[in-house]
Each structure stands twice: as C-alpha cells, then as structure tokens.
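The values are calculated or read from the model by the stated rules, or taken from the named source; none is laboratory data. Only a predicted model underlies this, so the values are computations on that prediction, with no experimental measurement involved. No Cβ is skipped: glycine too gets one built from the backbone with ideal geometry, and neighbour counts run over all protein chains shown.
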Amino acid sequence: MKNFLKKASLLYLPLLTILIYSCSKDDPDGINEEEFISNVVISVTSPDGSLQTIDWDLSETNMETINLKANSNYSVGLSFENRSDPTDIEDVTLEIIDEADEHQVFFEFADVSVDVTSANNDTKVGSRGVLLKSVWNASSTGSGIVRVYLIHQPTNFNATNREGFGGFNDVSIDIPVSITD
Amino acid sequence: MFRFVIQSLILIFSYGNFIYSQSCDLILKGEITDLHDNSLLIGAFVSIQGTNFFSQTDLDGSYKIKGLCPGKYNLVISHPKCISINKKLNIKQSRVYNLELEHHINELDEIIVTDSKISKLRKSIQEVSLNISDINSYGSNTLVEALNYIPGASILKTGNSIGKPIIHGMYGSRVGIITDDFRQYDQQWGPDHAPNIDFDSFDIIQLIKGAAALKYGGDTSAGSIILSSKRKKLKDTLFGKSSINIESNGRGGKFSSRLEKNYSNGFYINGNFTGKRYGDFNTPNHILSNSGFKEANFSIKLGKDLINKGWNLKYSSYNLEPGILKSSHIGNVQDLFYALNSNEPSIINDFTYNIEAPKQLAKHQKLTLRYFKSFENNTKLELGYNFQNNKRKEFDIRRGGRTEIPVVDLLLKTHTLNVSLSGIDIKNWDFELGINGFFQDNFSTPDTGVKRLIPDYIKFETGIYFLGNFQKNNSFLWEWGLRLDHVSYDSKKYYYKSVWNERNYNILFQGFETGQDFANQILTNPKFNYLNLSAQTGVSLNISNELKLKMSYILSQRAPNPSELFSDGLHHAMAAIEYGSLSIEPETSHKVLFSFSKNDKKYNWSLEPYISKTFGYIFIEPTGLKQTIRGAFPVWSYDSTEAFLTGIDINSSISINRRLMFDVGASYTYAQDVINKNPIILIPPLNTFQKLKFAPLKGKWSLEFTHQTSAKQNRFPNSNFIFDYIEDGKLVSETVDISDSPRGFQKLDAIFSILIGNKNNIRSNLRLIIQNITNSDYRDYLNRMRFYSSEIGRNFQIQLNFNY
C-alpha cells in the first residue's frame with residue numbers, strides 16, 4: 001500500500017509545479033467607467049443675460065441653489081459629463097443627443113411651481129423636445145426643490161409625473177430652488 | 001475465443017427473520033452464465049476466501065453454498081481458463097447471486113463487473129436518489145426544478161429559467177454540485193447564476209443534506225448534489241434514447257438524445273445532445289417579455305471498464321442564454337417602488353423568441369480523465385484530472401450603443417486533481433483516503449467599460465481526507481470522516497480611493513496596497529490563507545426489520561467566496577449597492593441530522609429532523625443609503641453572525657392497493673440570526689406535496705396528479721427603506737417594502753403516460769402533462785423576480801420518449 005501512496009504523491013507533483021509557476025496574478029488593466037455620469041451641469045441664463053452655473057458632483061452633496069425671479073423666462077441648459085478620469089473628460093450629452101429617441105429629461109418640482117417648455121434650440125425628436133435646453137417660468141415665489149431626471153427608454157414620453165414615464169433613471173438628482181419677486 | 005467476465009446482479013431479497021439470530025444457516029446460490037450467448041458455464045469454482053466454503057457449478061451452471069453466517073465475505077470466482085476474481089459481498093440473508101462470465105484467451109485479466117446499483121456515499125446519512133428519467137417524466141426542464149420533489153430541497157429562482165438549489169435553507173457556495181466525481185466550478189456565488197450543468201447527460205441524482213460528502217469537500221454545509229452515470233453493461237450492444245418535449249407556455253421545446261455503443265472487451269463510447277428553445281413565457285394574465293431562453297449541450301465519453309482497471313475520458317459543453325425579464329431592469333429605488341406597487345410588469349410586449357438585453361450567456365466546458373485500478377485485496381486506486389472552463393457574460397441595457405458589450409465578462413478556469421484509495425479493509429473496518437487539489441484562475445475582462453464585479457484572482461485549494469466505517473453485523477454501522485483543506489486567494493483589485501478609505505481599509509489592510517494608482521482608483525493585492533477542518537461521524541442502526549435509525553454529526557468550515565470578500569458595486573435587478581468585506585473570516589457550522597425510516601411493502605415513511613448552528617455565518621444585510629447620480633441607493637454589506645437553523649423533512653409513500661399509490665411529503669425550516677435576533681432572509685416557507693398515481697394492473701398507461709403547496713413565509717428580516725418622491729408638487733416619503741413575502745400558493749399538475757409501441761427493440765412512450773392546471777396566479781418568495789411579476793401560468797406539454 002505504501003507503494004500506491006508513493007505513486008499517488010508522484011502524480012500530485014505536476015499540479016504543485018503548475019502552482020509554483022503561476023502563483024502571482026498579472027496586474028489587471030484599470031477600467032475607466034464608460035457611460036458613467038459623474039457631473040450634471042445646469043446653466044441658468046436670466047432674461048438680462050446673467051448666468052448661474054450649478055455643477056452637481058457625485059463626490060459631495062451639492063447644496064447650491066437655483067435662484068429665479070417669478071414670471072420671467074429663464075433659459076436652462078443641461079449637460080452630463082464623465083470626469084472620473086480628470087485627464088479625459090467625456091461629454092455624455094453627445095451620446096444622449098445621438099440617442100434622443102430613447103431619452104427624455106424631466107423636471108419635477110416640489111413646493112414651487114415652475115412651467116417648463118422646450119427651447120427653440122432644444123434637441124427634438126419630431127415635435128418632442130428632449131429638454132436638454134428648456135425655458136423655465138416660475139408662477140409664484142417660494143422655495144423648494146427640483147428633481148432632475150434623465151430617463152432611459154421611457155414607455156411614455158408625454159407623462160406629467162415620473163411614474164407615468166416608465167423606463168429607468170440614468171440620473172435623478174435634487175437641487176434646491178428659490179423664487180423671488 | 002473465450003473470455004471471462006463477471007456480472008453481478010442482485011435479484012431477490014428474501015425477508016427472513018433470522019438476520020438477528022446469528023444462526024449460520026444462510027444459503028448463497030446462483031447461476032453462472034456466459035455473457036455473450038447466455039449459455040450456462042460448467043465447472044466454474046466459487047469459494048469464500050478465508051473459509052472452507054466452496055462450490056463448483058454443475059451441469060445447470062448453478063452453484064450453492066450452505067451454512068453461512070451473516071456477514072461480509074470475499075467471494076473468489078475462478079475458472080480453468082480464467083484468472084481468479086474477487087467480489088465483496090455482504091450477506092444478510094439467503095440470497096441468489098447470479099454471475100456472468102466471459103472467457104478471454106489473450107486478455108485474461110479483462111474481466112468486467114457491473115453493478116446495477118449506485119453506491120451510497122455515506123451510510124449514516126439519509127440520502128435521496130432520483131432517476132433522471134423519472135425527473136423528465138414530471139416535465140421538469142432544469143436540474144433544480146427536479147429537486148422540487150425532494151422534501152428539504154427547494155429552488156432559488158431568478159425568473160423561470162434560472163434556478164439554484166437550496167438545501168435546508170442554504171444555497172450558493174454552501175451547496176456542492178458534483179458531476180463525474182468532480183466538484184462543479186462555475187460562478188456559483190451569484191444568486192442569479194444557475195449551475196452550468198446539462199442534467200440530461202446523467203442518469204442519477206443523489207442528494208445529501210449536510211457536508212457529509214467529505215470526499216468532495218468539507219465546505220458545503222447545506223449539502224451536496226451528486227450527478228452520475230450508470231456503469232456500463234458489457235455486452236456488445238448499441239442502445240440509446242431520445243425524447244422530444246413540446247410546451248405551450250413559452251411555445252418551445254426540448255430535444256435530447258443519447259447513443260451508446262459497448263463492446264464486449266469493455267470499451268464503450270457514448271454521446272449526448274440536448275437542445276432547448278423557448279420564447280417568452282406567460283403568467284395567467286400577461287406575457288413575460290424577454291423571459292425566453294436557449295440552451296444547447298453535448299458531451300462525448302469513451303473509456304474501458306474492466307474488473308480490475310479502467311479509464312474514461314469525457315468532454316462536455318454547456319451553453320445557456322437566458323433572457324432576464326425586461327421590466328426587472330430598473331434605474332433606481334424609485335423604479336423599484338413603482339414596480340412593487342404595480343400588479344403588472346412595466347413592459348409587456350408581443351410574444352417573441354428573441355432574447356435581448358438584459359440577458360446572460362453562460363458557457364461551461366469540462367474535460368475529465370479518470371483511471372482506476374483494483375488490487376487483489378479489494379483496495380481500489382482512483383486517479384482523476386479535470387479541467388473546467390467557465391465563461392460568463394451578462395448584458396444590460398446600455399447607452400451609446402454599448403448594449404452589445406457585456407457588463408460582466410468573466411472567465412474562470414479550474415484544474416482539479418484527485419487521488420483516492422478505497423476499500424482498505426482491516427477486520428471489520430473499511431477505510432478510504434484521498435487527496436485533491438485545485439488551481440483556479442479568474443479573469444475579468446476590462447473591455448466591459450464597467451467596474452469589475454469580481455476581481456481577477458488565483459485560488460488554490462488542497463484537501464486531504466480520511467474516511468472509515470466499522471460494521472460488525474448488519475444491524476449496526478459506525479462511520480466517521482475527517483478532512484483538512486487549505487485555501488488561498490491571491491487577488492488583484494482596484495478600489496475607488498474613497499471606498500478604500502471610507503471602509504478603513506487604508507489602515508486595516510495597508511499591506512494590500514501596491515502603490516499603483518489608476519485615475520481615482522488604487523490597485524490592491526489582497527492575499528488570504530485559510531485552513532479549514534471538516535468532520536463527520538454517524539451511526540446507522542436497524543431497530544427492527546423495517547425500522548432504521550440514522551444519526552450523524554457534521555462539522556464544516558467554509559472560506560468566504562469572492563463575492564463575500566470583494567463585491568463592490570451596483571446590483572441592478574435589486575437596485576442595491578453591494579459591498580463585500582475583506583475582514584470576513586471562514587464560517588464554522590455544526591449540524592446534527594437524524595433519520596427514522598420504515599420500509600415495508602405497503603407503507604414507507606421517513607422522518608428527518610435536523611439542527612444546526614453556524615458561527616461566523618456570512619450574510620448580506622442592508623446598512624444604509626448611498627447617494628449616487630441616479631438617486632439614493634440602499635447599501636447591502638456582507639457581515640457575519642451566528643445562525644441557528646432547524647427543521648424537519650417528512651416523506652411517506654403508501655400503496656393503497658396494487659393500482660393506487662399515494663405519496664406525501666412536507667418540509668419546514670426555521671432560521672434565526674441569533675445575534676441580531678432576526679429571521680434569516682430567503683428561507684423556504686413550509687411546503688408540502690402530495691402525489692396520487694393510478695396504474696391499472698395490466699394496462700399500458702398511468703395517470704398521476706401532483707399537488708404542491710407553499711405557505712406564506714412569515715419569518716423574514718426587515719430590509720425596507722424609506723425614499724421620497726414628488727407627488728402633486730409635494731415631497732412625499734414612502735417605505736419601499738422589499739421584505740414582505742407573497743401569500744401562500746398551491747399548484748396542481750397532472751401527468752398521463754401511455755406506452756405506444758414496443759417493437760423491434762424500440763420502446764416508445766407518450767406523455768401528456770399539464771402544469772398549473774388551475775392557471776393560478778401566484779408569486780414565489782424564493783423567486784427574486786417576485787417584485788416584478790407572477791409565476792408562469794398553465795402549461796401543456798407533450799412528451800415523446802423512445803428507448804432503443
């Protein structure tokens with residue numbers, strides 16, 4: 001029986017040899033996450049031409065407030081960026097424009113009432129504006145929040161609340177809004 | 001040309017009461033025939049080693065040995081033109097033992113023994129074994145679906161085409177799956193990863209509820225599922241079987257075929273093919289969009305089996321492409337909330353066979369080489385090498401035309417080597433010892449453009465085991481086993497610096513830092529070594545002729561799996577961020593199992609209570625919310641606790657009369673996290689099945705009804721979280737209830753089977769199966785898609801089987 005064991009251990013040796021030679025793993029390539037959105041940039045232009053830019057960053061909770069005056073038209077532009085590699089900043093907005101037929105931006109307001117329409121220079125699919133460029137008009141004063149959604153593959157493009165759109169959220173962030181006279 | 005071959009077949013059991021009286025009046029008799037032409041062999045010598053008992057076959061080819069005491073004997077069969085053969089025999093009562101011999105002139109040692117029985121793995125643990133052909137007759141299409149008919153086993157499902165076995169409330173890395181004597185190595189840590197096995201290419205499923213299959217590993221505290229093929233007959237034969245299955249639900253079917261050629265010199269070759277194709281399935285009320293699947297498998301095996309040596313080589317390929325329910329792809333908790341509050345999936349399209357993202361792609365290739373040699377003293381040496389190549393891809397709906405690029409793309413290669421020595425008999429003791437080791441390399445492709453779910457790693461495991469049993473007489477057996485495993489991981493993983501620091505790894509695991517950076521990520525080299533001990537001991541007692549008691553204690557230790565250590569990212573279908581923990585230690589589980597069983601001709605039953613305690617039980621729990629650009633996500637983190645599990649499995653079978661059979665089974669599991677005083681998640685609720693089968697005495701048909709029930713699981717932990725959404729211009733807070741279980745359900749199936757032809761050695765049989773006859777609309781707590789849809793509705797199946 002000792003003989004068998006000897007044979008057995010001899011057969012085990014090749015495996016051990018494989019192990020010794022391949023014990024350390026090569027360094028894997030780093031992955032820069034694609035289609036990832038790290039920043040949402042909102043530029044709000046007032047009727048008199050002054051510009052407020054809000055750069056919503058993933059790494060910190062951004063509490064900067066959008067300031068509006070009631071009953072005035074503001075031009076609001078949205079852009080989405082991937083800055084996870086600071087040396088290679090990617091403008092994801094271009095991808096959304098390319099795939100405008102399956103994307104929709106939606107703004108939902110709490111405690112304030114703001115009317116949103118598609119701007120003339122907005123990306124359009126037929127008559128539908130994606131709302132990457134929009135015109136905001138607040139009807140009363142107060143403070144609240146706006147939830148900015150980027151919806152991918154909505155089942156209904158003409159809904160009035162988030163549930164009605166279906167699809168799934170690629171972006172959902174809250175930004176405080178303050179409306180004065 | 002004469003050849004000698006021995007085939008043993010146990011034909012008759014006589015039920016004598018003299019087993020327990022040690023009176024030595026047992027008779028062993030039988031016939032010895034030539035394997036080729038069934039002619040009787042005259043003058044073959046049958047003797048019992050170490051005694052003066054012997055007999056020589058007479059003109060009728062029969063032998064008879066009288067006056068034997070119960071016990072284990074070594075039978076020596078010889079013939080003037082053949083080498084002597086040893087055959088171990090346990091004689092409990094007088095019996096007929098027929099043998100087939102075959103003469104060899106040149107190859108005197110090529111003598112084959114085939115056993116019609118699959119040997120039990122451990123004798124002190126109740127084991128369930130099922131024939132694959134029986135499973136097919138229920139219209140089950142996946143391996144795990146078949147387990148529905150075993151009390152104590154259930155299925156963790158992701159939709160209807162992906163299932164994982166649950167044994168006694170545990171799944172994943174705690175369940176071992178063994179095929180052709182080797183552990184299956186796919187990405188088994190994932191709850192939505194089905195075992196990559198084509199069960200149609202096997203004949204028998206054995207299930208052991210506990211880590212008692214120490215030969216294959218000591219870390220599967222739930223139990224093991226062992227798939228094996230029947231051993232070859234050795235006549236010159238060509239046989240096979242084919243089966244066609246057509247189903248209404250999913251508008252698809254399955255075709256499987258097997259062909260096998262055996263030669264009288266022991267050589268054999270066989271091939272298997274299975275193909276499945278299904279479109280979208282439907283619930284009683286709507287279509288489950290993107291729930292179809294495709295599967296194509298084949299295997300080829302060749303080898304030579306002789307009495308004292310043999311080898312075989314097998315290659316198998318498994319390919320599965322299941323679609324994942326479209327509406328389960330969600331962006332954040334808000335989408336999950338809407339799905340939970342809706343009775344219907346959010347996306348219902350027209351029926352299609354197309355499978356789109358989200359979907360999975362699994363390919364598993366296996367190459368096995370085995371060799372055995374038996375020696376005159378009955379010891380058997382077995383050597384085996386196995387290579388498994390597992391590819392797994394997961395596709396999701398992506399932006400920028402990236403849907404065709406998988407988000408998960410893993411390649412897992414495993415080399416295993418087994419060496420074992422069994423049948424070492426010393427007086428009343430029987431020992432087996434062995435060593436096995438594997439080397440595993442996991443590679444995660446960077447081309448996905450998504451952070452790796454599981455990092456690249458090398459895992460190396462070596463185990464040695466020593467098993468023994470002591471059997472003095474037929475009514476008492478004591479067995480034990482010990483196993484020691486060494487497990488090591490060498491992994492290379494990128495962590496986001498923010499996560500690495502937030503989790504204090506920069507202090508706790510500073511040694512893993514390599515000093516290399518990539519953008520805002522840090523490359524680390526976690527290395528772990530674990531030493532695990534597992535053990536089993538148990539007794540088997542015959543209390544009376546029919547009543548049997550088995551008792552077993554099992555100790556098992558399991559090293560954390562890659563997901564428990566390294567998970568780090570968003571899990572889409574659950575809208576959850578999952579974190580592994582580098583601090584997790586191996587878990588140690590103690591389990592005690594009892595089994596009382598009674599077998600008589602009319603009424604069989606078994607009762608199997610068990611109790612277990614696991615220290616360092618690894619589990620995942622909700623630990624807060626994390627803000628992302630997609631909104632807030634609940635964070636789930638792996639942690640360890642102390643788990644207490646107990647339960648009972650009941651099975652009984654009654655022959656009401658010679659035409660009518662009634663089977664009943666039930667199982668219940670209680671599982672508690674002792675430290676946090678919480679129930680454990682995803683534990684099967686109380687479930688039962690009953691089966692009524694009618695087969696007329698001389699009829700060619702049978703009719704069978706099965707009824708399954710599953711109660712509501714009232715014991716679940718609270719993993720709910722609060723999120724807020726905007727409704728009518730106001731911010732509203734809501735609880736997202738992902739904890740509650742669906743209500744109980746019942747399901748009724750019927751099977752009608754008829755023999756339609758038995759000519760020219762072709763037996764054909766037709767089955768009509770209706771599943772979910774009442775078209776009941778229910779959700780299953782153990783289906784991870786229960787948030788999005790109901791289970792599938794009524795299904796008609798037509799099954800044609802040919803055996804030739």
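Values for this structure:
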| quantity | calculated |
| --- | --- |
| Members of the stretch B:399-421 that are within 21 Å of the chain's Cα centre (by Cα) and more than 8 Å from chain A (Cβ to nearest Cβ) | B:Leu412, B:Lys413, B:Thr414, B:Thr416, B:Asn418 |
| Selection from the stretch B:400-420 of residues that are farther than 30 Å from A:Glu81 by Cα and either of a type in the set (Ser, Thr, Tyr) or surrounded by 21 or more Cβ atoms within 10 Å (Cβ to Cβ) (or both) | B:Leu412, B:Thr414, B:Thr416, B:Leu417, B:Asn418, B:Val419, B:Ser420 |
| Residue match in the stretch B:378-394 (condition: hydrophobic (A, V, I, L, M, F, W, C), touching a residue at least 60 places away in the same chain (Cβ under 8 Å) and more than 17 Å from B:Gly569 (Cβ to Cβ)) | no |
| Among (1) more than 12 Å from chain B (Cβ to nearest Cβ); (2) closer than 30 Å to A:Ile31 by Cα - the single one A:Lys69 does not satisfy | (2) |
| Residue ranges of strands (runs of 3 or more DSSP E) in the stretch B:685-731 with at least 1 members closer than 30 Å to A:Phe106 by Cβ | B:721-727 |
| Residue in the stretch B:246-254 that is part of a loop (DSSP other than H, G, I, E, B), among the basic types (Lys, Arg) and not assigned by TED's automatic domain parsing to the domain that holds B:Ser173 present | yes |
| Residue list for the stretch B:438-447, restricted to those being facing chain A (nearest Cβ under 10 Å) and either part of a strand (DSSP E or B) or surrounded by 22 or more Cβ atoms within 10 Å (Cβ to Cβ) (or both) | B:Phe438, B:Phe439, B:Asp441, B:Asn442, B:Phe443, B:Ser444 |
| Restricting the stretch B:321-347 to residues that are assigned to a loop (DSSP other than H, G, I, E, B) and at the interface with chain A (Cβ under 10 Å from one of its Cβ atoms), the residue that is nearest to the chain's Cα centre (by Cα) | B:His329 |
| Test result for A:Ser140, among the small types (Gly, Ala, Ser) and touching a residue at least 60 places away in the same chain (Cβ under 8 Å) | yes |
| Subset of the stretch B:541-562 that is among the polar types (S, T, N, Q) and over 21 Å from the mean Cα position of the chain (by Cα) - its residue that is modelled with the lowest pLDDT | B:Asn545 |
| Subset tally (residues that are charged (D, E, K, R) and modelled with pLDDT of 95 or more) for the stretch B:650-676 | 1 |
| Single condition B:Tyr371 does not satisfy, out of (1) among the hydroxyl-bearing types (Ser, Thr, Tyr); (2) crowded, with 19+ Cβ neighbours inside 10 Å; (3) touching a strand residue (DSSP E or B) at 6+ places or on another chain (Cβ under 9 Å) | (2) |
| Residue within the stretch A:32-42 that is under 23 Å from B:Phe528 (Cα atoms), within 7 Å of another protein chain (Cβ to nearest Cβ), at pLDDT 85 or above and surrounded by 15 or more Cβ atoms within 10 Å (Cβ to Cβ) present | no |
| Residue tally, condition over 26 Å from the mean Cα position of the chain (by Cα), assigned to a strand (DSSP E or B) and of a type in the set (Gly, Ala, Ser), over the stretch B:732-753 | 2 |
| Matching residues, the stretch A:161-181, being farther than 19 Å from B:Gly729 by Cβ and more than 9 Å from chain B (Cβ to nearest Cβ) | A:Asp181 |
| Matching residues, the stretch B:596-642, being aliphatic (A, V, I, L, M) and in contact (Cβ under 8 Å) with a residue 40 or more places away in the chain | B:Leu607, B:Ile618, B:Ile620, B:Leu625, B:Ala632, B:Val635 |
| Among the residues listed as B:Arg503, B:Arg483, the single one being away from every other protein chain (no Cβ under 14 Å), of a type outside the set (S, T, N, Q) and either without any contact (Cβ under 8 Å) to a residue 24 or more places away in the chain or under 30 Å from B:Glu394 (Cα atoms) (or both) | B:Arg503 |
| Which numbered condition B:Ile798 fails, given (1) touching a His at 6+ places or on another chain (Cβ under 7 Å); (2) more than 28 Å from B:Ser327 (Cα to Cα) | (1) |
| Filter result for the condition that a residue is in a loop (DSSP other than H, G, I, E, B) and either within 12 Å of chain A (Cβ to nearest Cβ) or of a type in the set (Phe, Trp, Tyr) (or both), over B:Ile458, B:Ile454 | B:Ile454 |
| Subset tally (residues that are farther than 16 Å from B:Asp728 by Cα and within 11 Å of chain B (Cβ to nearest Cβ)) for the stretch A:149-160 | 8 |
| Any chance B:Ala222 is touching a residue at least 60 places away in the same chain (Cβ under 8 Å), outside the structural domain of B:His486 (by TED's automatic domain parsing) and under 30 Å from B:His486 (Cβ atoms) | no |
| Members of the stretch A:137-181 found to be charged (D, E, K, R) and assigned to a loop (DSSP other than H, G, I, E, B), listed by number | A:Asp181 |
| Any pair with Cβ under 9 angstrom, 6 or more apart, that starts in the stretch B:123-135 at a residue that is without any contact (Cβ under 8 Å) to a residue 12 or more places away in the chain and ends at one that is buried (at least 21 other Cβ atoms within 10 Å of the Cβ) and not in a strand (DSSP E or B) | B:Asp134/B:Ala146 |
| Filter result for B:Ser498 (hydroxyl-bearing (Ser, Thr, Tyr), farther than 20 Å from B:Leu417 by Cβ and crowded, with 17+ Cβ neighbours inside 10 Å) | no |
| Verdict on B:Asp490 being of a type outside the set (A, V, I, L, M, F, W, C), under 21 Å from B:Val408 (Cα atoms), surrounded by fewer than 17 Cβ atoms within 10 Å (Cβ to Cβ) and within 11 Å of chain A (Cβ to nearest Cβ) | no |
| Residue tally, condition outside any strand (DSSP E or B), surrounded by 15 or more Cβ atoms within 10 Å (Cβ to Cβ) and free of Cβ contacts under 8 Å to residues at least 40 places away in the same chain, over the stretch A:125-136 | 1 |
| Filter result (within 9 Å of another protein chain (Cβ to nearest Cβ) and without any contact (Cβ under 8 Å) to a residue 40 or more places away in the chain) within the stretch A:95-122 | A:Asp98, A:Glu99, A:Ala110, A:Asp111, A:Ser113 |
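Rundown of residues vs (1) among the small types (Gly, Ala, Ser); (2) without any contact (Cβ under 8 Å) to a residue 60 or more places away in the chain; (3) under 22 Å from B:Asp181 (Cβ atoms), yes/no style:
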{"site": "B:Arg399", "(1), (2), (3)": "no, yes, no"}
{"site": "B:Leu417", "(1), (2), (3)": "no, yes, yes"}
{"site": "B:Ile426", "(1), (2), (3)": "no, yes, no"}
{"site": "B:Thr448", "(1), (2), (3)": "no, yes, no"}
{"site": "B:Pro455", "(1), (2), (3)": "no, no, no"}
{"site": "B:Glu461", "(1), (2), (3)": "no, yes, yes"}
{"site": "B:Trp478", "(1), (2), (3)": "no, no, no"}
